[in-house]
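Participant: Encoded as structure tokens, here's the structure I'll be asking about.
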Protein chains: 2
Amino acid sequence: MRRLSNQLIATRREPPADASAVSHQLLARAGMLQQAGAGLFTVGPLLLRTLQRLEAIIREEHDALGCQELRFTHLQPREPWEASGRWQTLTEDDPIMLRTRTRSGAELGLGPTHEEQAALFAADGVSSHRQLPMVLYQIATKFRDEPRPRSGLLRTKEFTMKDAYSYDADEASAAQTYERLAEAYAAIFARVGLDTLRADADVGAMGGTMSAEFLAPAGIGEDFLASSDAGSYRANTEVARAALVAPPAPEQRPMSTVETPGATTMETLQPFVPDVPPERMVKTLLYGITTAEGGQEVIAALCRGDRSIDESKLAKATGAVEVAMADAAMIRSATHADPGYAGPVGLAEDVRVVGDHAIAEVQGFVCGGNATDTHHRDVWWGRDVALPELADLDRVADGDPAPDGGTLSLTRAVEVGHVFLLGTRYSEALGLSATGPDGVERPVWMGSYGIGIERLAAAVVEQHHDDKGIVWPTAVAPHTAVVVSVRAGDPDQDGLAERITGQLLDADVDAVWDDRDARPGVKFADAELIGFPWRITAGREAAGGRVELTWRATGETEVVDADYAVSRVAEDARRHRVRLNPR
Amino acid sequence: MRRLSNQLIATRREPPADASAVSHQLLARAGMLQQAGAGLFTVGPLLLRTLQRLEAIIREEHDALGCQELRFTHLQPREPWEASGRWQTLTEDDPIMLRTRTRSGAELGLGPTHEEQAALFAADGVSSHRQLPMVLYQIATKFRDEPRPRSGLLRTKEFTMKDAYSYDADEASAAQTYERLAEAYAAIFARVGLDTLRADADVGAMGGTMSAEFLAPAGIGEDFLASSDAGSYRANTEVARAALVAPPAPEQRPMSTVETPGATTMETLQPFVPDVPPERMVKTLLYGITTAEGGQEVIAALCRGDRSIDESKLAKATGAVEVAMADAAMIRSATHADPGYAGPVGLAEDVRVVGDHAIAEVQGFVCGGNATDTHHRDVWWGRDVALPELADLDRVADGDPAPDGGTLSLTRAVEVGHVFLLGTRYSEALGLSATGPDGVERPVWMGSYGIGIERLAAAVVEQHHDDKGIVWPTAVAPHTAVVVSVRAGDPDQDGLAERITGQLLDADVDAVWDDRDARPGVKFADAELIGFPWRITAGREAAGGRVELTWRATGETEVVDADYAVSRVAEDARRHRVRLNPR
């Protein structure tokens, strides 16, 4: 018999003072996690049951594709990271890799990811295309030295991750495997009750040729999803592009200078050049950036007058680890003018100029004159000034035209899954190759696929809660049903509650009897806060075998025969059965 | 359909050059593990299946006792370790705790164990004796900076551990919980097919009032089990004591000096004192020890003439991290004599003298004279020289009298489990208390219980193998049965093998079809090396529905109907069914 009186239930009215995310607040109030340090959380018994269900669903979907589970080490020698070139990246450029030193002096990384180990492991056993495609995966801890751990389980220093690695003989096959895994991801998120959207994403430090994220819309999310109402375009705003129409070029006229006193913004500038639409202006913004090596650089970032600069795109384009608007002194030194009059013509020599791709299609434009109260007009790339280095800098916004013809809208979202088609970067670095049907040995194409388990649970809570607490979907609830005897010690109620719990357990339903010696209000509030999908209450009508059956999601309650309650709950459980036991 | 052709099977003829343990040799040859660094092994898919079965058995036995699983963090802040006094112990005295530093400068330990976290977690939710007894456990990675990782999976820098923590209101209840957990351990080891013995053990750095180990006899073992043929006494030689009978004291005579030229051993000394039996001699051995702080000290260790010194006991008694026999120069400086004539009377002042408990009962003894070619006789403690500091230093040996009246024998063994009754050390340090029935708040009694999962698997291999490979017990085999089609591509054989595999899977038997395009000899050798308990071979008689059924443990083979083979294997699997899925 499984009883709540035997479990450590530590619910509380108030969330921790620093809990901003709803999922953090509710999981903490439900006693399901406990903070062990900055970005470190002990997973309590109830939350672990949910994580194990998530892991089981993930295993089931991977095993169905023939993926093989294994277990890499968390401690990783430095050499393979040196071979792939990532030791520097992950310990200096973006130092998320924690390290430790053994008593013999060896430096080991605490795996933030396992591409190097995945390449090495396969290099030992794979030699022929006939062994491919192959997918290996593990469910294990990842360690990341997050600069700002926050939002409870959404961003922590260690977390459980399912990471998979695919191996294919060529690009076409690799793309197919990548697509099969991405489809499995969609199936996993659907099974756990999470609303997600697949979006194009940045490959980042991982490298590779293709990447997609699965984003779960949620108010606390750190990512923004740009999606088109036409339905076929979705991308993280880190990589999203609006479909900008190039403005028609005007007649060629020589570049001239316009007096524009006080016109430091697009709005105040417009009256001085009433014939030039904003999309035929080039906006120049000055930034001070910090490079990975700690150096300082001044950047002039250019975009169309009707657009703006996405600073995370700018950071990526320039290799900056920090980006800040330039201060007035920096602007004066770069432009010899007050702020507001910067432009590409005649900037100081030491300023690096980077433009968004869209400016290349703008000709005969207006831009700042690098002199106070002055702009230039009828400026032509190539004729009056060289086209600068181009990159994706454009910030997409709600209402922008989408590449698929629709209109983009932006949604805050939590990234719950990320897939990468890596190409041969890691296999070349670490000696993983296979002979093709023609007998020629070639580097193996790899892919990499990750789901953060605790974050997945938190995202489910972000999407499934109400003012009373968590509303777990049946598939991932810590227990499917709680059976409450209203008055502990009442023989009719206790007898019925115990019998029902036993029947549910026998029917393979994960049920628990709340037999605690506590007031009914406490038991009901705990059940709602923890969020068990079903509550069966043995109360006044227990002697007659009648119970209240309550569905947490809606609060709907019916008074029914105990047997009906058991079969109703068992039916729901059956629909969401997880095969935790791979045979 | 589960097929070996889809799996990464990388068997090899030769073990790694440095593999001394049979389990390391066989697991490596079977392609079940791959070395990732010193003391670091990637667990391949087949071995992971075995580990998951071990974990499931362990979960089942813990859950049956009402234990609750949770997940502590691996990274642990320094403060709780400081509170318990173990930061110093585990980072300096015996520095097995690896550490890392975050970018914000915080120093974190990589959990080698979790008593501090276990006390903290419970402190948050436990307040009353009515919530106790309670047992929490996790199955997670432990990190240990082993000075000499070796023997494959038997001693590594990271490994999976089931660690449980018990909480009781008082000592009597704590002792009961400790005993229940110890019984569960015995049940677990029996289920996984491991022959183990429970033995008294050293509490070590853990502290506490009681400790026992589960030792699995194996030739490679680093521990020695002393067990009595009378049956009731078993102890690790680290703490084992022989039942020594004190020699009768002779008549009091004044101490005198005997010329003993060249008598530097017991054998050569005997003729000079023919009336004194060896048990009435006191042997003095000089050691140079290194303390935790790095200091050097000379120790004179005393034991009876018929006994010897156990250096690990000496290290423990003196707090030494390293113990070495003193060299001739050290001996001359301590005794002013050539080596072989040391004794307790008149040693240099700066020598620390420690005697085994048994010497206290020896009077009128012979000992070295601290002068070359000289011994003393008729030496009495208290009269001629002060009784030194006493400790357990005696080395037990095969044939020693046991405390229970029997005779001790020594067996090499692998420690696979360790249980500790901790007392209130951690709960006092970390503020974990509960009110008793009398309303008075008292520190909670804790216990700590560990099983190393990879080591458990290796111990099973140490006990279950033959010259062809591993012989997995059914309960923990990576697959229960392999179905071999002798000639890949033969439609009768393939058809039958596929049908049988499907039937086994439907009967919930973990079976796999070896459909690889390889010679039969290769398939048979792989099956034997990997050690699947059953092999069903579809060969020449496949058309008639007949197969060979082979039991790996004995090699016994019968030709039987396919249906009989399926039911025979299913029956064995049923007896060893593991409920991997806790409902």
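Participant: Residues of the range A:257-296 being crowded, with 19+ Cβ neighbours inside 10 Å, among the hydrophobic types (A, V, I, L, M, F, W, C) and either touching a helix residue (DSSP H, G or I) at 6+ places or on another chain (Cβ under 6 Å) or not assigned by TED's automatic domain parsing to the domain that holds residue A:353 (or both), which ones?
Facilitator: A:263, A:282, A:286, A:289
Participant: Looking at (1) among the hydroxyl-bearing types (Ser, Thr, Tyr); (2) in the same structural domain as residue B:67 (by TED's automatic domain parsing); (3) closer than 25 Å to residue B:317 by Cα, find the lone condition where residue B:233 falls short.
Facilitator: Only one criterion in (1) among the hydroxyl-bearing types (Ser, Thr, Tyr); (2) in the same structural domain as residue B:67 (by TED's automatic domain parsing); (3) closer than 25 Å to residue B:317 by Cα is unmet by residue B:233, namely (2).
Participant: Still on this structure: Quickly run through the range B:456-502 and pick out the residues that are acidic (Asp, Glu) and either buried (at least 24 other Cβ atoms within 10 Å of the Cβ) or not in a loop (DSSP other than H, G, I, E, B) (or both).
Facilitator: Answer for the range B:456-502, where residues must be acidic (Asp, Glu) and either buried (at least 24 other Cβ atoms within 10 Å of the Cβ) or not in a loop (DSSP other than H, G, I, E, B) (or both): B:462, B:466, B:492, B:494, B:498.
Participant: So, one more: Could you list all residues from the range A:124-144 that are small (Gly, Ala, Ser) and at the interface with chain B (Cβ under 10 Å from one of its Cβ atoms)?
Facilitator: Result: A:125, A:127, A:140.
Participant: Now a separate question. Of the residues in the range A:324-338, how many are surrounded by fewer than 18 Cβ atoms within 10 Å (Cβ to Cβ) and either among the basic types (Lys, Arg) or outside any loop (DSSP other than H, G, I, E, B) (or both)?
Facilitator: Here the count works out to 6.
Participant: Determine if the range B:420-439 includes at least one residue that is acidic (Asp, Glu) and more than 24 Å from residue B:281 (Cβ to Cβ).
Facilitator: Taking every residue of the range B:420-439 in turn, at least one turns out to be acidic (Asp, Glu) and more than 24 Å from residue B:281 (Cβ to Cβ).
Participant: Kindly list the number of the only condition in (1) in contact (Cβ under 8 Å) with a residue 40 or more places away in the chain; (2) over 30 Å from the mean Cα position of the chain (by Cα) that fails for residue B:288.
Facilitator: Only one criterion is unmet by residue B:288, namely (2).
Participant: Which ones in the range B:5-24 are over 20 Å from residue B:479 (Cα atoms) and either among the basic types (Lys, Arg) or surrounded by fewer than 21 Cβ atoms within 10 Å (Cβ to Cβ) (or both)?
Facilitator: B:13, B:14, B:15, B:16, B:17, B:18, B:19, B:20, B:22
Participant: Return yes or no: is residue B:518 part of a loop (DSSP other than H, G, I, E, B) and surrounded by 14 or more Cβ atoms within 10 Å (Cβ to Cβ)?
Facilitator: Yes; evaluated as a whole, the condition is true for this residue.
Participant: Another question, if that's okay. Just checking, which of B:282, B:258, B:298, B:276 is aliphatic (A, V, I, L, M) and part of a loop (DSSP other than H, G, I, E, B)?
Facilitator: B:276
Participant: Now, a different point. Among the residues of the range A:551-570, count how many are surrounded by fewer than 24 Cβ atoms within 10 Å (Cβ to Cβ) and either within 39 Å of the chain's Cα centre (by Cα) or of a type in the set (D, E, K, R) (or both).
Facilitator: The number of residues fulfilling the criteria is 12.
Participant: Do you know which residues across the range A:1-48 are within 11 Å of chain B (Cβ to nearest Cβ), closer than 28 Å to residue A:504 by Cα and under 23 Å from the mean Cα position of the chain (by Cα)?
Facilitator: Result: A:32, A:33, A:43, A:47, A:48.
Participant: Out of all the residues in the range A:485-529, which are aliphatic (A, V, I, L, M) and within 14 Å of chain B (Cβ to nearest Cβ)?
Facilitator: A:488, A:504, A:505, A:507, A:509, A:511, A:512, A:518
Participant: While we're looking at this one, here's another question. Please go through the range B:145-161 and pick out each residue that is within 10 Å of chain A (Cβ to nearest Cβ), over 21 Å from residue B:59 (Cα atoms) and either touching a residue at least 40 places away in the same chain (Cβ under 8 Å) or buried (at least 20 other Cβ atoms within 10 Å of the Cβ) (or both).
Facilitator: Matches in the range B:145-161: B:145, B:146, B:149, B:156, B:157.
Participant: Here is a follow-up. Would you confirm whether any residue within the range A:559-579 is closer than 30 Å to residue B:49 by Cα, β-branched (Val, Ile, Thr) and in contact with a helix residue (DSSP H, G or I) (Cβ under 7 Å, 6 or more places away or on another chain)?
Facilitator: yes
Participant: Condition first: among the hydroxyl-bearing types (Ser, Thr, Tyr) and in contact (Cβ under 8 Å) with a residue 40 or more places away in the chain. Now tell me which residues in the range B:76-135 satisfy that.
Facilitator: Of everything in the range B:76-135, those that are among the hydroxyl-bearing types (Ser, Thr, Tyr) and in contact (Cβ under 8 Å) with a residue 40 or more places away in the chain turn out to be B:84, B:89, B:113, B:127, B:128.
Participant: Checking the condition touching a Pro at 6+ places or on another chain (Cβ under 9 Å) and part of a loop (DSSP other than H, G, I, E, B), which residue from B:245, B:239 passes?
Facilitator: Step by step, each of B:245, B:239 is checked, and only B:245 is touching a Pro at 6+ places or on another chain (Cβ under 9 Å) and part of a loop (DSSP other than H, G, I, E, B).
Participant: Taking the condition of being in contact with a Phe, Trp or Tyr (Cβ under 7 Å, 6 or more places away or on another chain) and among the aliphatic types (A, V, I, L, M), how many residues in the range B:265-297 meet it?
Facilitator: Number of matching residues: 2.
Participant: Does the range B:138-155 contain any residue that is over 17 Å from the mean Cα position of the chain (by Cα) and hydrophobic (A, V, I, L, M, F, W, C)?
Facilitator: Yes: the range B:138-155 contains one or more residues that are over 17 Å from the mean Cα position of the chain (by Cα) and hydrophobic (A, V, I, L, M, F, W, C).
Participant: Starting from residues that are surrounded by fewer than 22 Cβ atoms within 10 Å (Cβ to Cβ) and under 13 Å from residue A:419 (Cβ atoms), keep the ones in the range A:185-207 and report whichever is modelled with the highest pLDDT.
Facilitator: In this case the residue turns out to be A:186.
Participant: Give me the pairs: first residue in the range A:462-485 and farther than 28 Å from residue A:561 by Cβ and without any contact (Cβ under 8 Å) to a residue 40 or more places away in the chain, second residue buried (at least 23 other Cβ atoms within 10 Å of the Cβ) and of a type in the set (A, V, I, L, M, F, W, C), beta-carbon distance under 8 Å, and six or more apart or on different chains, which are they?
Facilitator: That search, which allows pairs on different chains as well, returns nothing.
Participant: So residue A:63 clears everything in (1) modelled with pLDDT of 95 or more; (2) more than 8 Å from chain B (Cβ to nearest Cβ) except one condition, right? Which one?
Facilitator: The single condition residue A:63 does not satisfy is (1).
Participant: Is the range B:422-429 home to any residue that is surrounded by fewer than 23 Cβ atoms within 10 Å (Cβ to Cβ), of a type in the set (A, V, I, L, M) and outside any strand (DSSP E or B)?
Facilitator: yes
Participant: Touching a Lys or Arg at 6+ places or on another chain (Cβ under 7 Å) and buried (at least 16 other Cβ atoms within 10 Å of the Cβ): is that true of residue B:433 in this structure?
Facilitator: Answer is yes for this residue.
Participant: Quick check on the range A:91-109: of everything there that is part of a loop (DSSP other than H, G, I, E, B) and more than 9 Å from every other protein chain (Cβ to nearest Cβ), which residue is surrounded by the fewest Cβ atoms within 10 Å (Cβ to Cβ)?
Facilitator: My answer is A:105.
Participant: Taking residue B:51 as meeting all but one of (1) part of a loop (DSSP other than H, G, I, E, B); (2) under 20 Å from the mean Cα position of the chain (by Cα); (3) within 11 Å of chain A (Cβ to nearest Cβ), write down the number of the exception.
Facilitator: Status for residue B:51: all satisfied but (1).
Participant: Please tell me if residue B:116 is within 13 Å of chain A (Cβ to nearest Cβ), assigned to a loop (DSSP other than H, G, I, E, B) and under 30 Å from residue B:294 (Cβ atoms).
Facilitator: Criteria not met by residue B:116.
Participant: Moving on. Look through the range A:66-75, keep the residues that are facing chain B (nearest Cβ under 8 Å) and over 23 Å from the mean Cα position of the chain (by Cα), and return whichever of them is farthest from residue B:153 (Cα to Cα).
Facilitator: By that ranking, first place goes to A:66.
The values are calculated or read from the model by the stated rules, or taken from the named source; none is laboratory data. Only a predicted model underlies this, so the values are computations on that prediction, with no experimental measurement involved. Glycine also receives a Cβ, built like all others from the backbone with ideal geometry; neighbour counts cover every protein chain displayed.
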